[in-house]
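J.: Structure below; questions to follow.
The values are calculated or read from the model by the stated rules, or taken from the named source; none is laboratory data. Everything numeric here is computed off the predicted structure, so don't read it as measured data. Using ideal geometry, Cβ is built from the backbone for each residue, glycine included, and neighbour counts are taken over all protein chains shown.
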Amino acid sequence: MKIGVSSYSFAKYMSQTKANYLDVCNIARRMGYDGIEFIDLNLDVQQADSPEALAREIRAHCEAIGLTIIAYTVGADFLNRGPEEIARVKRQVDIAKLLGAGVLRHDAAWSLPEGVDWRMAVDKIKGPIREVAEYAQGLGIRTCTENHGYILQDAHRVETLIRAVDHPNYGWLIDMGNFLCADEPAVHAVPIAAPYAVHVHAKDFLYQPPWARDPGEGWFKSRSGGYLRGTVAGHGVVPIAWCVDRLREAGYDGWLSYEFEGMEECLPAVEAAQKYLRKLV
């Protein structure tokens, strides 16, 4: 496996310093990361004539400094938006192609309308997701959905979605930490997810049980009311090393990409994670 980092990990630093995408690429390379993934390109972060022009500029810069662009991560909601959402996500696939990313991760759905449960949602969104996967296959890009967003955060639910879509170009972005948002231990979820792995996020959380006193700023609640806070990889309760071993045993040899969303100072946290993850691969 190779070690990458999400541009999302630098969000706090970018907000504080007005750093742009190229700055972040330089920092990631200096820290020793092999690759980088990007979330939705934002022209407010770096000016360009269009998202397409920005994608070309970022790709050229990364090629010049020897940093691989490994994935492009975008929002999507195929349940609550109409056919225009399919067209919009296909345009994001085009952006991924311009970036040179081999993987596009998109959301599936963000909220359940009244009277719709998650199983009904899967039945409604499987067709649009399959259509995007088919389109991306023609461009040499794999698509995937992350265990993310509460509705489809449990291993069983995401596996149900992947099996329903039933397309060889579509799989799972496994986020080791996000299972905790649905109160599911990674030791249960990762073995279920591993056969479907397209891409992997290493993420760590601190945890307090539902009966604990509210720990305050920076914490959010899991589905059952437990308290979670992002932290540096290796500092929390997610068994990252164990997860890496299980993924390797399942035959996964792709990218391990760090996603940081903690309260610690951004750059030292992201650099420390690189050193920790390097020991695992």
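J.: Please specify each residue of region 103-136 satisfying the condition of being touching a residue at least 40 places away in the same chain (Cβ under 8 Å), farther than 14 Å from residue 172 by Cα and in a loop (DSSP other than H, G, I, E, B).
T.: 109, 110, 111
J.: Considering region 183-202 alone, what residues qualify as being out of contact with any strand residue (DSSP E or B) (no Cβ under 6 Å at 6 or more places or on another chain) and either loosely packed, with under 12 Cβ neighbours inside 10 Å or in contact (Cβ under 8 Å) with a residue 12 or more places away in the chain (or both)?
T.: Of all residues in region 183-202, those out of contact with any strand residue (DSSP E or B) (no Cβ under 6 Å at 6 or more places or on another chain) come to 183-192, 194-195.
Passing the criteria: 183, 184, 186, 187, 188, 189, 190, 191, 192, 194, 195.
J.: Could you check region 146-182 and list, in sequence order, the residues that are at pLDDT 95 or above and in a loop (DSSP other than H, G, I, E, B)?
T.: 147, 166, 167, 168, 169, 176, 177
J.: What are the residues in region 20-54 that are out of contact with any strand residue (DSSP E or B) (no Cβ under 6 Å at 6 or more places or on another chain) and among the acidic types (Asp, Glu), if any?
T.: 23, 44, 49, 52
J.: Here is a further query. Within region 14-37, work out how many residues are over 17 Å from residue 274 (Cα atoms) and either in contact (Cβ under 8 Å) with a residue 40 or more places away in the chain or part of a helix (DSSP H, G or I) (or both).
T.: Here is the first cut: in region 14-37, the residues over 17 Å from residue 274 (Cα atoms) are 14-23.
Next cut, either in contact (Cβ under 8 Å) with a residue 40 or more places away in the chain or part of a helix (DSSP H, G or I) (or both) only: 14-17, 21-23.
Selection size over region 14-37: 7.
J.: Exactly one condition in (1) in a strand (DSSP E or B); (2) within 19 Å of the chain's Cα centre (by Cα); (3) not basic (Lys, Arg) is not met by residue 207; state its number.
T.: (2)
J.: Can you work out which of the residues in region 66-91 that are part of a helix (DSSP H, G or I) and out of contact with any His (no Cβ under 7 Å at 6 or more places or on another chain) is farthest from residue 55 (Cα to Cα)?
T.: Restricting attention to region 66-91, the residues satisfying the condition of being part of a helix (DSSP H, G or I) are 84-91.
This time we only want the ones that are out of contact with any His (no Cβ under 7 Å at 6 or more places or on another chain), so: 84-88, 90-91.
Details: 84: 22, 85: 21, 86: 21, 87: 19, 88: 16, 90: 15, 91: 12 Å.
Filtering region 66-91 for residues that are part of a helix (DSSP H, G or I) and out of contact with any His (no Cβ under 7 Å at 6 or more places or on another chain), the one farthest from residue 55 (Cα to Cα) comes out as 84.
J.: Considering region 92-102 alone, what residues qualify as being touching a residue at least 60 places away in the same chain (Cβ under 8 Å) and assigned to a loop (DSSP other than H, G, I, E, B)? Quick ask: steps written out before the conclusion?
T.: Start the filter on region 92-102 by keeping residues that are touching a residue at least 60 places away in the same chain (Cβ under 8 Å), which leaves 99, 101.
Across region 92-102, the qualifying residue is only 101.
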